[in-house]
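Asker: First, the structure itself, so that you have it in front of you.
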Amino acid sequence: MAKITIEKLAKMIKDGFDKTATKEQFEGLEQDVSALKKDVNTLKGDVREIKYKLSEATSSTDKLETRVKYVENTLNLSAQKS
């Protein structure tokens, strides 16, 4: 069995601590994650608003199409295909 010197053990422990995140780094990560959560929530609200407006636009388009068909039928016009 190989023996480890005190110096080697101390270096191994120091290397382990060197690779560990500092309190400041961890707090910075917490702030970054918090900011990302806020941004995601904002994006979710924006997407909901876009969906609502798209739904309204689709409804308006459907109503307009119905009215155009009514006018075409009333004036006995054939629908022109584009």
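Readers should treat all values here as calculations from the given coordinates under stated rules, not as data from a laboratory. Only a predicted model underlies this, so the values are computations on that prediction, with no experimental measurement involved. Quick reminder, even Gly has a Cβ in these numbers, built from the backbone with ideal geometry, and neighbours come from all protein chains shown.
Asker: May I ask you to verify whether residue 53 is loosely packed, with under 10 Cβ neighbours inside 10 Å and charged (D, E, K, R)?
Answerer: No.
Asker: Give me the residue from region 41-82 that is among the basic types (Lys, Arg) and part of a helix (DSSP H, G or I) and, out of that set, nearest to the chain's Cα centre (by Cα).
Answerer: Ranking the candidates gives 44 first.
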